[in-house]
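Reading through the structure tokens given below for one structure.
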Amino acid sequence: MESEYTSLYPPPSPSPSLSEEGYIFSMTETRAPDVPRSNPMNRSGGVDVDVDVDAEAEAANREEDDEEDDDDIIAPTPAARRRPVRPRRRRSRPPPPIENAAASGGRCDDDDADDDADDDGGPSHDELNQYSPPMGRPDLRTAVSHHYVRMYDYEVNPDDVTVTLGATEAVASALRTIGAPGDRIVTFEPYHELYPSQARIFWMEPDYVTLREDADGGTWSFDVEELERALRGDGGDDGAGNGGRKKPARAFVLNTPHNPTGKVFSHDELEAIVDLCLKYGTYIITDEIYEHMTYGGHRHILLPKAFPRIADSTFVCNSIGKSASATGWRLGWCLHPPRFSSLYRGVHDQLVVMSPHPVQYAALTYLALPDSYFRETLPNRYLDRLRRLARTLRGVGFGVSEPQGAYYLFARYRDVEGLGELGPREAAMRMVR
């Protein structure tokens, strides 16, 4: 069924539960989707941690794998995807820390990034042309840690911070760290397209819980019982004869402030999410790139600070792309639980190696901006733009709920002359002609 809401760039996947309403997605800045073209995983998925067999058996298993179709390891064909997956045998001993596994790749894995400095104490030009430590410059990871102390009075060890290639890669590395093929990943709909796209790239199964709008009150909410059913695994068959019940969700991806509705999740809503994720053993991956864009008394809540009981199962993903209006820099980070730091960094290292070194150094200046920039300048800048755009849209017949955060307007178009009878994609295309 075709979705009844859309955007002016490639739209999210269909949302059958929202199909009775007509929505147009408007925003003050665009973000191009990052969708890799091939699946980099081998057939086993997951990361070898549990161990059963000896190294000799593992080597024999690898040789046997190599003799099979290599093509479906790199880019599986439709026929290959239909073949049963043979579980890969496990190593007899845990591997060494993953962050050091590729240290011979010609890059700097030394944690001291300031040895080659100019006389003024800054890095030399040549240093910034070279690899940084894969997990990010030590001074930048320290600056990120200090940022959370300033903004939230939350202390995080720089060793549990990894600098990433934007929030997109931060989320992808988190999914790959804790997930394996066949795992279910739950998120709210409507959603940014990267969440289901990344889940499918890693052969995971996306599932959704619907946010519904109260147009009169100008708010969006979710049904706690629907969320519990999704996390528990009700509905659909996992193929294992479990009477229509899938296994509990492996991860819940939470975007707040929310794209595209502008919803800022309240303390009570977050508490309900936390309690259900703890109940079903579900990890939480947050996408918080709009954290400093909140309006009308709404404030972003940092999950591990407000709910310490979920901190050990929460990956906080963030980026300077939106708040610094520098989406092309691709500079983000992830706060990961200490028990996952080595594993997360290993996945990150093999996916992207590092965020660009010059950008890492430049981000130090951004993180040193005064508190007033994050608490006052950013919200005021975007709130004025949003209000002007909302007034304009209402003036031509769109229905618009003023957002609590982010910088999007999820507008209803059914009452707009010449658009109301069209599907979402057709309506969007007519507006840009």
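The single residue among ALA167, ALA180 that is among the hydrophobic types (A, V, I, L, M, F, W, C) and farther than 15 Å from THR286 by Cβ turns out to be ALA180. The residue that is farthest from HIS357 (Cα to Cα), counting only those in segment 132-159 that are of a type in the set (Asp, Glu) and in a helix (DSSP H, G or I), is ASP159. A single member of THR210, THR219, THR142 is closer than 19 Å to GLU291 by Cα, touching a strand residue (DSSP E or B) at 6+ places or on another chain (Cβ under 9 Å) and assigned by the TED database to the domain that holds THR286, and it is THR219. What pairs come out if I take residues in segment 335-353 that are at positive phi and pair them with residues that are open to solvent by less than 10 Å² (accessible area, probe 1.4 Å) and of a type outside the set (A, V, I, L, M) whose C-beta lies under 9 Å away, six or more apart or interchain? Hits for this filter: VAL353/PRO134.
Here ASP275 fulfils each of the conditions (1) open to solvent by less than 10 Å² (accessible area, probe 1.4 Å); (2) under 26 Å from MET204 (Cα atoms) apart from (1). Within segment 305-330, the set of residues being farther than 24 Å from PRO403 by Cα and either open to solvent by less than 10 Å² (accessible area, probe 1.4 Å) or assigned to a strand (DSSP E or B) (or both) comprises PHE307, ILE310, THR314, PHE315. Any residue in segment 245-260 that is aliphatic (A, V, I, L, M), modelled with pLDDT of 95 or more and in contact with a Pro (Cβ under 8 Å, 6 or more places away or on another chain)? Scanning segment 245-260 turns up no residue that is aliphatic (A, V, I, L, M), modelled with pLDDT of 95 or more and in contact with a Pro (Cβ under 8 Å, 6 or more places away or on another chain).
Consider segment 200-215 and keep the residues that are of a type in the set (D, E, K, R) and under 24 Å from HIS267 (Cβ atoms). The one that is most open to solvent (accessible area, probe 1.4 Å) is ARG212.
Against the definition (modelled with pLDDT of 95 or more and either among the hydrophobic types (A, V, I, L, M, F, W, C) or open to solvent by 40 Å² or more (accessible area, probe 1.4 Å) (or both)), how does ILE285 come out, yes or no? When the stated conditions are applied, ILE285 passes them.
Being without any contact (Cβ under 8 Å) to a residue 24 or more places away in the chain, open to solvent by 40 Å² or more (accessible area, probe 1.4 Å) and assigned to a helix (DSSP H, G or I) is a condition met by at least one residue of segment 394-408. One residue stands out in segment 349-373 among those that are surrounded by 15 or more Cβ atoms within 10 Å (Cβ to Cβ) and of a type in the set (S, T, N, Q): the one that is farthest from the chain's Cα centre (by Cα), namely GLN360. Condition first: open to solvent by 50 Å² or more (accessible area, probe 1.4 Å) and of a type in the set (D, E, K, R). Now tell me which residues in segment 288-304 satisfy that. ARG299, the sole residue that qualifies. Taking only segment 128-171 into account, find how many residues are hydrophobic (A, V, I, L, M, F, W, C) and open to solvent by 10 Å² or more (accessible area, probe 1.4 Å). Matching residues across segment 128-171 total 7.
Pick from ALA249, ALA272: which is more than 18 Å from the chain's Cα centre (by Cα) and either of a type in the set (S, T, N, Q) or at negative phi (or both)?
The conditions single out ALA272.
The values are calculated or read from the model by the stated rules, or taken from the named source; none is laboratory data. Because the structure is predicted, anything quoted here is derived from the model rather than measured. Cβ: placed from backbone, ideal geometry, glycine included. Neighbour counts: every protein chain shown. For the accessible areas, the whole protein counts, side chains as well, though only heavy atoms, and no ligand, DNA or RNA atoms are used. Shrake-Rupley method; radii C 1.70, N 1.55, O 1.52, S 1.80 Å.
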